[in-house]
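Below is one structure; the comments refer to it alone.
Every read-out reported here was derived from the displayed coordinates using simple, explicitly stated rules and does not represent laboratory data. Computed from a predicted model, the values in this text were never measured in an experiment. Virtual Cβ from ideal backbone geometry, glycine too; neighbours counted across all protein chains shown.
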Amino acid sequence: MKREPGFENLLKVLCRQVPDRPTLFEFFLNGPFYEKLAGKPLGVEGKDWLWGTFNPIVTEAFRTAGYDYVTVLGSSMKFETPDIEKKATISLNAGSAITDRKSFESYCWPDPDAFDYSSLELAKDSLPAGMKLIVYGPCGVLENVISLVGFERLCMLLADDADLAKDIFDAVGSRLVRYYEICAAFDTVGALIVNDDWGFKTATMFSPADLRRYVFGWTKKIVEVIHKAGRPAILHSCGNLDRVMDDIIDDIKFDAKHSFEDVIIPVEQVYEKWGGRIAILGGIDMDFMCRSTPEQVRQRCEAMLAKAATRGGYALGTGNSVPEYVPFDNYIAMIDCVRTKGTVQ
């Protein structure tokens, strides 16, 4: 069953209102799931795209699953780092490009205006009626600085050379502001995601004071250009952010928060704690999605939807994303709680 897409439903969720029918949200899925949902192979070019610009097959997969949008990168802009061996996990200290003032000054900083954003315009000819693009970034301020410097070196730099640290954060932040400013101007774009992991299981990656000093100011500027364009701003950030949620909501002014884990705080509790101040997206824990039966998934999802039914500000989805190891039947059990309700064709 395919519902008619209606981005206005997700827009109501992001405005903490009650949508006209239950609504889904996911950051991204995976290649095999895209192919199953779209009924078409991605092909070599499509597989290379998975994290990339507009693709009709991935869009059809999002539509079939019942989403009112598809997530895309605005362009190929990124902060280049040395190639590192691709493994299942990669150290946060690997591949750093900046080690001192000299390497900072010689680094080839990307110019956001030099990249091609035309796919955001061309998408209007292929987007199904009622769907919008949601643009995400080439990671956020903190993740890019960690990638450029290395986590341990950055920790030492904050103590040993705060001026250089600030210059690196400023160089990254200013370019990301421009990237989002460009992307937010396209009519096809309905919302934008700032994807920047700020925490781990028990705390933030850096102290709240350092996040406020180096990261949050630039993130606030990003949200301001998104809002200036009349678009909602979504934060995708993993980890325990309890100590900075007031910053996220009241100072940076994000419209919605995504990425939650039961081991930190279950989404049901998140919704009760912060749902009146910021929209809550997803949250059905990844470990739960992998280990549970389809019936258990369905029961939890329906209970979460019932909790938010009259209060709004919630869209159903996983706690992070949908990698290949999530059982397909469990994923279908989750989205069927939504896609079998409302207008179908």
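Counting only Cβ charges, +1 for Lys and Arg and -1 for Asp and Glu, the dipole size of segment 250-345 around its Cα centre is about 360 debye. For Cα extents along the principal axes in Å, one of (1) 80, 44, 39; (2) 64, 48, 34; (3) 60, 41, 40 was computed from the structure I shared and the rest are decoys. Which label? It is the value labelled (3). Shown in residue order for segment 222-229 are the 3J(HN,Hα) couplings computed by the Karplus curve 6.51 cos²θ - 1.76 cosθ + 1.60 at θ = phi - 60°: 4, 4, 5, 6, 5, 5, 4, 7 Hz (x for Gly and Pro).
Of K228/K273; K220/K273; K124/K221; K78/K220; K36/K273, which pairs sit farther than 31 Å apart, going by alpha carbon to alpha carbon? Too far apart for the 31 Å limit: K36/K273. Taking the charge dipole of segment 94-237 about its Cα centre, with +1 at Lys and Arg Cβ atoms and -1 at Asp and Glu Cβ atoms, the residue from A129, F206, A184 reaching farthest to the positive side is A129. Across V223, V141, V270, mean-square fluctuation computed from a Gaussian network of the chain (C-alpha pairs under 10 Å connected) peaks at V270. Across segment 313-323, coupling constants 3J(HN,Hα) worked out from phi with the 6.51/-1.76/1.60 Karplus curve, θ = phi - 60°, read x, 9, 10, 7, x, 6, x, 8, 6, 10, x Hz, and Gly and Pro carry x. Using C-alpha pairs under 8 Å with a sequence gap of at least 6, the mean separation divided by the residue count of the chain gives a relative contact order of 23 percent.
Taking amide H as placed 1.01 Å from N in the peptide plane, I284 has its amide H under 5 Å from the amide H of G317, T318, G319, each at least 5 places away in sequence or on another chain. Between K124, K12, K273, the Gaussian network model of the chain with springs among Cα atoms under 10 angstrom shows the greatest mean-square fluctuation at K273.
Residue-wise HN-Hα couplings along segment 105-112, as the Karplus relation 6.51 cos²θ - 1.76 cosθ + 1.60 with θ = phi - 60° gives them from phi, are 6, 8, 5, 8, 6, x, 9, x Hz; Gly and Pro carry x. Dividing the summed helix terms, -39500 (n - 2.57) for each DSSP H run of n ≥ 4, by the number of residues in the chain produces a 222 nm estimate of -12000 deg cm²/dmol to the nearest 500. Annotation: the antiparallel percentage among DSSP beta bridges lying fully within the chain is about 10. Does segment 99-253 come out rounded, prolate or oblate by the C-alpha gyration tensor, with a ≥ b ≥ c the root eigenvalues, rounded set by a/c under 1.5 and, if not, prolate when a/b is larger than b/c and oblate if not? Note, shape of segment 99-253 comes out oblate.
The charge dipole of segment 224-303, taken about its Cα centre with unit charges on the Cβ of Lys, Arg, Asp and Glu (plus for the first two, minus for the last two), comes to roughly 260 debye.
Computed over the chain with a Gaussian network model linking Cα atoms closer than 10 Å, the most mobile of L176, L154, L14 is L154. Relative contact order of segment 204-345: 20 percent, from C-alpha pairs under 8 Å at least 6 residues apart in sequence. Note on segment 140-240: dipole from Cβ charges, positive end direction compared against V194, L158, G140; the farthest Cα belongs to V194. Since only G239, T64, G319 are under comparison, the one whose Cα sits farthest along the positive direction of the charge dipole of the chain, derived from C-beta charges on Lys, Arg, Asp and Glu, is T64. For V72, the residues whose modelled amide H falls within less than 5 Å of its own, excluding neighbours fewer than 5 places apart on the same chain, are I134, V135, Y136. Dipole check for the chain: with +1 at the C-beta of Lys and Arg, -1 at the C-beta of Asp and Glu, and the Cα centre as origin, the magnitude is about 960 Debye.
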